[in-house]
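Here's the structure we're looking at; comments come further down.
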Amino acid sequence: MRFPSPVQRGGPEPGRFERLAENASNLTSSPLFFVICLGLVGFFVASHAAELPLRWLLLAGEAMTAVTLLLLALLKNSEMRAEHAIQRKLDAIAEALLEMGEDREETDARKKLQESIRMEEET
């Protein structure tokens, strides 16, 4: 089973998930989120230092695990969006280069460029 990437699923307008991921990415890169994470780590350290009951220690550890998992998912989403944006730009540059040299003869470089952007599949 193959799952399409979030970039390939929607149309020209970003979907709800893309907007949510973008907003969450903006929030997680803000100073406010850093302060929240510092507070969470402080709670974790203080709970161990104060020798709180196991329930509080587990709560602190599970909260840190949940935040880590969410940040990992956001990081992967941002990475995929950036990768697809770079690929679209490279494809546009390659197509422009091919259009500029259309009146020239077929060269090995031109063939490799056409193969790299899979032009024969799109036509």
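Here are a few things to note about the model shown:
- Odd one out for residue 38 among (1) farther than 20 Å from residue 79 by Cβ; (2) surrounded by 11 or more Cβ atoms within 10 Å (Cβ to Cβ): (2)
- Residue 101 satisfies every condition listed in (1) open to solvent by less than 70 Å² (accessible area, probe 1.4 Å); (2) modelled with pLDDT under 85; (3) out of contact with any Lys or Arg (no Cβ under 9 Å at 6 or more places or on another chain); (4) more than 20 Å from residue 33 (Cα to Cα) except (3).
- Any hit, the range 47-68, residues being polar (S, T, N, Q), in contact (Cβ under 8 Å) with a residue 60 or more places away in the chain and assigned to a helix (DSSP H, G or I): no
The values are calculated or read from the model by the stated rules, or taken from the named source; none is laboratory data. Only a predicted model underlies this, so the values are computations on that prediction, with no experimental measurement involved. Because the Cβ atoms are built from the backbone with ideal geometry, glycine has one as well, and the counts that use them run over all protein chains shown. What goes into the accessible areas is simple: the full protein's heavy atoms, side chains included, and nothing from ligands, DNA or RNA. Shrake-Rupley method; radii C 1.70, N 1.55, O 1.52, S 1.80 Å.
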